[in-house]
1. For region 106-195, which whole percent of the accessible surface, found with a 1.4 angstrom probe, sits on carbon and sulfur atoms?
2. Could you tell me the calculated FRET efficiency between residue 149 and residue 59, based on Cβ-Cβ distance and R0 = 45 angstrom, to the nearest 0.05?
3. Pulled fully out, how much extra length does the chain show between residue 43 and residue 66, if you take 0.36 nm times their separation in residues and subtract their Cα-Cα distance?
4. Between rounded, prolate and oblate, where does region 53-171 land on the alpha carbon gyration tensor, with a ≥ b ≥ c its root eigenvalues, rounded for a/c under 1.5, else prolate if a/b exceeds b/c?
5. Would you mind checking the pairs 106/126; 80/119; 80/106 and listing those with alpha carbons more than 25 angstrom apart?
6. How big is the charge dipole of region 101-210 about its Cα centre, in debye rounded to the nearest 20, if each Lys and Arg gets +1 on its Cβ and each Asp and Glu gets -1 on its Cβ?
7. With every protein chain left in place, what is the accessible area per residue of region 69-183 in square angstrom, probe 1.4 Å?
Amino acid sequence: KKNKWLPIEVRTDWAIFICTVATLVVISLYTWINGQMWSELKISADASVEAARAATDAIRISQENFQKEQRPFVFINAEKPEQFGDRDGTGNVQIVWTYHIRNFGKTPALSVTEHLWMKLGDGPYKPSYSPIPVKRYPSNLGQNDDHFSTVVSAPMTPAEANRLLSIDQAVRMKIELEYRDLFGIHFSTRECFGHLALGSTAICEGGYLN
């Protein structure tokens, strides 16, 4: 009678082959599953990093916007220049120009420092006149506070003062303010004014609010 079974050696080889294939399949499946899990974990981790970065940016932008909304805004307005005479006992006069600064912001302007110049005719801008050096100490300007001061020319004859005040833009005043807010951020305001012969005041070039 003919044997229906394969020889034991052949059956053993087939068993080894099948086990090897099954093992490779299991390993491949395991590797694929791990790869999928790693990809999902990486995507989740990347999403978490992006969410944290977005939250940080949102907080920073919100803080910056809050600081911008709360910052002080210091504006400058000018009255019209006037003559004050015979301060030095020689019969000379000086052109004195009063200006106002006001804080329209929501928080105080701190350490406000003023730089003042006047220009007469075709001459250059010169610092506000004082016979002796004057140290201008920084001051604070609260919300809606109004502060006024003056820019003063060097002494001149009444005739020269009248001549300059009768010519458009022959007398100019330039003011620059430096200040900071509660967060330590620094700002500056500059304005230039020109006197017109009819008595009004015009804004000249060079002003800015930073």
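The values are calculated or read from the model by the stated rules, or taken from the named source; none is laboratory data. All values reported here derive from a predicted model rather than from experimental measurement. Note: ideal-geometry Cβ built from the backbone for every residue, glycine included; neighbour counts use all protein chains shown. SASA here: full protein model, heavy atoms, side chains in, ligands and nucleic acids out. Shrake-Rupley method; radii C 1.70, N 1.55, O 1.52, S 1.80 Å.
1. Carbon and sulfur together cover 54 percent of it.
2. 0.65
3. So the chain would gain 4.9 nm between residue 43 and residue 66.
4. prolate
5. Over 25 Å Cα-Cα: 106/126; 80/106.
6. The dipole magnitude comes to about 160 debye.
7. Accessible surface, normalised per residue, equals 55 Å².
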